Amino acid sequence: MNMQSESFLFLGFIRIYNRESHVCEVDLWLPSPLAAGLRQEGMAAIEYIEVQENCRGKRLGQAALTEASRLIQPYGFHRFMLLTQDHRMDKLAERTGFRRGPTFYWIDSLLGGIEA
């Protein structure tokens, strides 16, 4: 998912470090004023979660999501939209309390036959 549009505003990274390098990262986005429905629902977005392979299984992703939840509250948000792309992320989402939502469809090529 790439939310570099006017619908979302980048809030920042949450990073967990192990000595000098980060081993876990979450990218956190807030809906812009154009996304009135998401703002009314108090819904922020997580674009990206990654935990280095050798650090998985230590609940670092869950800790980062907990911190993300704390960080969005002062902005008036209390919920997340998270799109997962593999079964590990599905497990993390379920363990952290996310529930499965609707299916999303993505365009990864040019559309043909559409007239302006």
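The values are calculated or read from the model by the stated rules, or taken from the named source; none is laboratory data. Worth saying up front: this structure is predicted, and the values here are computed from it rather than measured. Using ideal geometry, Cβ is built from the backbone for each residue, glycine included, and neighbour counts are taken over all protein chains shown.
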Being surrounded by fewer than 16 Cβ atoms within 10 Å (Cβ to Cβ) and in contact with a strand residue (DSSP E or B) (Cβ under 7 Å, 6 or more places away or on another chain) is the filter here; which residues of segment 33-49 pass it?
Glu41, Gly42
Every pair of residues 6+ apart whose Cβ atoms lie under 7 Å, when the first sits in segment 82-94 and is surrounded by 15 or more Cβ atoms within 10 Å (Cβ to Cβ) while the second is of a type in the set (D, E, K, R):
Thr84/Asp90
Restricting attention to segment 4-27, report how many residues are modelled with pLDDT under 80 and either surrounded by 18 or more Cβ atoms within 10 Å (Cβ to Cβ) or of a type in the set (Asp, Glu) (or both).
1
Across (1) surrounded by fewer than 16 Cβ atoms within 10 Å (Cβ to Cβ); (2) touching a Leu at 6+ places or on another chain (Cβ under 7 Å); (3) under 16 Å from Thr96 (Cα atoms), Ala68 clears everything bar (1)
Qualifying residue in segment 97-108 (condition: surrounded by 16 or more Cβ atoms within 10 Å (Cβ to Cβ), at pLDDT below 90 and not in a loop (DSSP other than H, G, I, E, B))
no
